[in-house]
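Below: the structure, in structure tokens.
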Amino acid sequence: MNQRRRRQFLIAAGALLAPPLPGFAQQPAAAIRRIGFLGVSTPTAWTPRVDAFRAGLRDLGYVEGKNIVIEFRFAQGQYDRLPELAAELVRLKVDVIVTHSAPGALAAKHATATNPIPVVMTNVGDAVGWGIVPGLARPGGNVTGDTFFVTELVAKRLEVLKDAVPRVRRV
């Protein structure tokens with residue numbers, strides 16, 4: 001019995017003194033992700049949306065300065081600056097580009113043609129019509145996001161309205 005206890009003690013002591021296995025070693029700090037935000041208009045115009053964007057990221061566990069950095073670039077309504085700003089975000093090696101409107105999405109798409117950084121677009125009209133994606137069922141490439149068809153929606157709404165409103169009789 002003494003020999004058994006001695007063996008258990010030596011095994012336990014050896015385990016405590018042994019260097020940790022690679023799987024139990026201290027994990028490297030999580031990489032800080034870089035988000036590029038390509039804005040078409042002004043920062044002031046987008047403040048409420050940017051605040052909501054930050055809140056959504058926080059809800060997912062992403063906090064600026066802790067595990068993400070957001071690189072903001074705004075064209076100030078000067079659409080001709082969008083390609084330059086998108087290229088700058090690519091040079092900064094951001095992990096994703098978030099943008100809005102068709103001009104922003106097109107600039108980001110062209111800037112990432114040779115460096116396929118994911119692009120997330122929002123508030124884009126007809127993404128297929130603009131040539132941002134080849135089709136909605138299979139958008140392919142590195143661009144994703146939401147799109148809406150304003151022209152088709154307005155036409156359908158007018159059609160529904162025309163059928164819903166009873167004809168007015170002249171007296």
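Brief remarks follow.
- Residues satisfying the stated conditions in the range 47-73, i.e. touching a residue at least 12 places away in the same chain (Cβ under 8 Å) and within 21 Å of Glu88 (Cα to Cα): Val50, Ile68, Val69, Ile70, Glu71, Phe72, Arg73
- Residue count, the range 123-145 (criterion: touching a Pro at 6+ places or on another chain (Cβ under 8 Å) and open to solvent by 50 Å² or more (accessible area, probe 1.4 Å)): 3
- Helices (runs of 4 or more DSSP H) wholly inside the range 76-171 containing at least 3 residues that are modelled with pLDDT under 90: 150-164
- Residue list for the range 34-50, restricted to those being assigned to a loop (DSSP other than H, G, I, E, B) and touching a helix residue (DSSP H, G or I) at 6+ places or on another chain (Cβ under 6 Å): Val40
The values are calculated or read from the model by the stated rules, or taken from the named source; none is laboratory data. Since we're looking at a predicted model, the values are computed, not measured. Quick reminder, even Gly has a Cβ in these numbers, built from the backbone with ideal geometry, and neighbours come from all protein chains shown. Surface accessibility is based on the protein's heavy atoms, side chains included, excluding ligands, DNA and RNA. Shrake-Rupley method; radii C 1.70, N 1.55, O 1.52, S 1.80 Å.
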